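A.B. asks: Questions regarding the structure given below will be posed in turn.
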Amino acid sequence: MKIKCYPIVWFGILLIAACSRFSESHSKVEQQNIPASDSLWTPTGNKKIDSLLQLTAVALQDTTLAKLYYQIGNLYHFNDFEKAKIYFSRMSDLSEQLDWNKGHYLSTVKLADITAREGFIDSALVIYQNALEWTRQNQDALEEAITLTNIGQLYYAKEWHEMALNYYMQALPTFEREDFQKGILQVYVAIALLHQEIYATEKAIEYGEKAVALNGGDAYAHHVLGLAYAIAKEYDKAFGSFDEALRICVLQNNARLMGRVYFSMGYCAMSVFDLEKAERCVRTSLETGSRFGPELYFQNIMLLSKIEQLKGHYSKSEEYAKEALQLASEYESLQIKKLCYQILAELAIAQHKYRENVHYWEELGTVEEELAGGITLRASEEMNAKYETEKKEIEIERQQSVIASQQMQRGVLAGGVAVSVLILGLLWYLLYLRTRRNRALLERNNALAETNATKDKFFSIISHDLKNPALAQRDAIQLLFDNAVQWDVANLQDYYGELLRSADSQVKLLYNLLSWAQLQTGRLSCAPISFDLEQALCPEVSLLCKMAENKGVTLQAEIPSNLYITADPDMITTVVRNLLTNAVKFTAAGGKVNVSVSAHQKGKTVVSVSDTGTGMTQEEQQHLFCLDRPHSRLGTSGESGTGLGLIVCRELLQKHGAALYIESCKGEGSRFWFEI
């Protein structure tokens, strides 16, 4: 069971340094003897705000008044967004009137922060980009780093992890050069959390440890490090980090974070089946932290449901799961809804409530479709953003080239007849530059066309290959629902088996689709290690042996023992699994599939998958990796596919500097092999 934690990642980076220096900075703008625009004010009942409003009533329209607006906006910042925006807007207008760039920047980032807190992340990004441009024009490196970190946080909230990491890494060198400890700590923690999201556990632990080493008295850093250890299943280290985080929380009276730490400890305790400790931690989390927001409360309720299920208390578990489901529906948390339906379906089977089991599986399928839609939408948005960025870069380069050409021509004309030989040489050079530029533009346009074809293929797969199996499963579940009362347990079990096999096929398609999308967006990183190839491949071969046996195909494996290679084990097993699946797919009953591994003297290992199946023509082989041409074929038993499997194999091997080779003849089978 995986419960996604949502730790608080707003680090207060909105002008931490700027605000601390605000009172020390002096405006370069001379005071103007113009009375303030709003000399009348209405008491609010808040002493601090009322005292500041009194000062605005008599203040001149200078930088002092702009600072007063800033202070009032800060007091409204977390409890009344509309009033906060009024005063930050007044500060922005006055700063622009006074030509006070620093005030304009401070008000801009505050308005961006409020816009983000209201949920309008894309609008906030536009505002922050304007602020970033100001910092670069004024060469304020520290403010630029703070703004870069804020932009990274917004991309993190959109789950555009690659973009977020890019902005964090741009900000980090400035923080380190300026020795801005708080900024460094915030970036370390942010990078650790980002790598937890994409399950890059080594990087998550590395940056978590850096954060703790930088400031061992920061409870949040210890909590983030504990989460990284938990994801890596190093539970003893995780408990140690959580204990230290709790100790600091008690000293600092930080009940909000304490509640999250107890929740994390409860999850870890459940993972090692210490159910009593898990329950104690969860109930303590409910007592200390749930009052700070509904999200932590229904996560705790969800965890209690799973704990009661593991204890065998099915009724109590069902009660908690239904409560969590109701809360998750109110707050539109699809991940929690998915977990609730999974647990409720399992509980229904355990209690022989088959009709309810079918209902929960049907609801689970709907939620998974929504989740898959969200993942593919985010991937397509990120891909489209990259596509638009490339187009803008090409346009900027074109304009810069035109400007440079015009300037050069003016210089040549100014030289006159006396430098005619030089003019001829420069004209030749201009022609050369134009030819090279046109060639570069042509290459970029071809790359954009290929990117567009990739995007079209992506949407085609989503709209057809992913939708149709889901609809077929829904119709099958409806049939099961209509006949659940009439069928006995044996028939139901057989039908469940068919549904499971259908779901497995769809899951394989989804995995290939997501792997391909991650490769296209650059979010799938290669982490080579030394590992035993036989131990890595044997589980995959065993699973596919059953698939081949059901089809009447013989699958043989020749993998030597103690053969170690250096590569990413997950990527290599994915490649072999896809090649074996294809071999079985295109081999008829009575045929043979063979996977063999052999070591060469040059230190390379050859992995080969061969079959006696249908084979391919030369034309089919040439178009095998072209996304803009349909090439997927039905298997010998009518199995369908998208053509993505081999494309994913090739790109995963390219990550290792390897290639996928093909030997095939129509009607005589195929052989796929690679060196690693």
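Any read-out appearing in this document is the output of simple, stated calculations on the displayed coordinates, not a laboratory observation. As the structure is a computational prediction, the values presented were derived from the model and not from experiment. When we count neighbours, we look across all protein chains shown, and the Cβ atoms used for this are built from the backbone with ideal geometry, even at glycine.
A.B. asks: Remind me, relative contact order of the range 529-675 in percent, using alpha carbon pairs under 8 angstrom and six or more residues apart?
C.D. replies: Rounded, it is 24 percent for the range 529-675.
A.B. asks: Could you calculate the FRET efficiency of TYR661 with SER542 from 1/(1 + (r/R0)^6), where r is the beta carbon distance between them and R0 is 25 Å, rounded to 0.05?
C.D. replies: Plugging the Cβ-Cβ distance into 1/(1 + (r/R0)^6) gives 0.45.
A.B. asks: Taking 0.36 nm per residue of separation and subtracting the Cα-Cα distance, what length does fully extending ASN562 through LYS237 add?
C.D. replies: In short, 113.9 nm is gained.
A.B. asks: Another question, then. Any chance you could get the radius of gyration and Dmax over the Cα atoms of the range 197-291, in Å?
C.D. replies: 12.7, 35
A.B. asks: Then there is this: Need one word for the range 312-375: rounded, prolate or oblate. Basis is the Cα gyration tensor (sqrt eigenvalues a ≥ b ≥ c); a/c below 1.5 gives rounded, then a/b vs b/c decides.
C.D. replies: Because a/c hits 1.5 or more and a/b fails to exceed b/c, the range 312-375 counts as oblate.
A.B. asks: List, in order, the whole-Hz ³J(HN,Hα) value for each residue of the range 334-340 obtained from phi through the Karplus relation with A = 6.51, B = -1.76, C = 1.60 and θ = phi - 60°; use x for Gly and Pro.
C.D. replies: Residue by residue, the range 334-340 yields 5, 4, 5, 4, 4, 4, 4 Hz.
A.B. asks: In the calculated pair distance distribution of the range 525-676, what percentage of Cα-Cα distances lie above 19 Å?
C.D. replies: Value for the range 525-676 (Cα pairs over 19 Å): 52 percent.
A.B. asks: As an exercise, use a Förster radius of 30 Å and the Cβ-Cβ distance of ASP494 and THR554 to find the FRET efficiency, rounded to the nearest 0.05.
C.D. replies: 0.70
A.B. asks: Going by how many other beta carbons lie within 10 Å of each one, how would you line up ASP93, ASP99, fewest first?
C.D. replies: Starting with the residue having the fewest Cβ neighbours, the order is ASP99, ASP93.
A.B. asks: Express the Stokes-Einstein translational diffusion coefficient of the range 241-291 in µm² s⁻¹, to the nearest whole number, given a Kirkwood radius over alpha-carbon pairs, 25 °C and a viscosity of 0.890 mPa s.
C.D. replies: So the translational diffusion coefficient is about 232 µm²/s.
A.B. asks: Could you size up the charge dipole of the range 231-365 around its Cα centre, putting +1 on the beta carbon of Lys and Arg and -1 on that of Asp and Glu, and report it in debye to the nearest 20?
C.D. replies: Dipole size: approximately 180 debye.
A.B. asks: Between their Cα atoms, which of LYS210/LYS338; LYS546/LYS604; LYS604/LYS666; LYS158/LYS316 are more than 32 Å away from each other?
C.D. replies: LYS210/LYS338; LYS158/LYS316
A.B. asks: Starting from the 7 Å offset along Cα-to-Cβ, what nm value, one decimal, do you get for the label separation of ILE121 and LEU442?
C.D. replies: 4.2 nm
A.B. asks: Name the shape class, rounded, prolate or oblate, that the alpha-carbon gyration tensor gives for the range 301-343, where a ≥ b ≥ c are the square roots of its eigenvalues, rounded holds for a/c under 1.5, and otherwise prolate holds if a/b is larger than b/c and oblate otherwise.
C.D. replies: Prolate is the answer for the range 301-343, as a/c is 1.5 or above and a/b outweighs b/c.
A.B. asks: Rounded, prolate or oblate for the range 81-131? Axes are the square roots of the Cα gyration tensor eigenvalues, ordered a ≥ b ≥ c, and the cut-off for rounded is a/c under 1.5.
C.D. replies: Oblate shape, in that a/c is at least 1.5 and b/c is the bigger or equal ratio.
A.B. asks: Report the percentage of all Cα-Cα pairs in the range 115-204 whose separation exceeds 23 Å, rounded to a whole percent.
C.D. replies: Roughly 22 percent, rounded to a whole number.
A.B. asks: Residues of the range 270-314 with amide nitrogen under 20 Å from the 7 Å Cα-to-Cβ point of VAL250?
C.D. replies: What the label zone holds, given the 20 Å backbone N cut-off, is 277-290.
A.B. asks: Determine how many Å³ per residue the convex hull of the Cα atoms of the range 196-236 encloses.
C.D. replies: It is 57 Å³ per residue.
A.B. asks: Related question: Listed highest first by mean packing, meaning other Cβ atoms within 10 Å per residue, what order do 100-108, 487-495, 649-657 come in?
C.D. replies: 100-108, 649-657, 487-495
A.B. asks: Here's another thing I want to ask about it. Test of understanding: what is the full-extension gain from GLU133 to ARG291, defined as 0.36 nm times their sequence separation minus their Cα-Cα distance?
C.D. replies: 52.9 nm
A.B. asks: Taking 0.36 nm per residue of separation and subtracting the Cα-Cα distance, what length does fully extending HIS352 through GLU176 add?
C.D. replies: So the chain would gain 57.3 nm between HIS352 and GLU176.
A.B. asks: Something else: Take the cross-link list LYS237/LYS322; LYS83/LYS182; LYS277/LYS306 and give me the ones stretching past 25 Å between alpha-carbons.
C.D. replies: Result: LYS237/LYS322; LYS83/LYS182 exceed 25 Å.
A.B. asks: Go through ALA116, ILE151, GLN129 and say which Cα lies farthest out towards the positive end of the charge dipole of the range 49-195; charges sit on Cβ, +1 for Lys and Arg, -1 for Asp and Glu.
C.D. replies: Checked the options; the winner is ALA116.
A.B. asks: Which order do peptides 233-245, 259-271 fall in by mean Cβ count within 10 Å, highest first?
C.D. replies: 259-271, 233-245
A.B. asks: Find the Cα radius of gyration of the range 58-197, compare it with 2.2 N^0.38 Å by division, and give the number to two decimals.
C.D. replies: So the Cα radius of gyration is 1.09 times the expected 2.2 N^0.38 Å.
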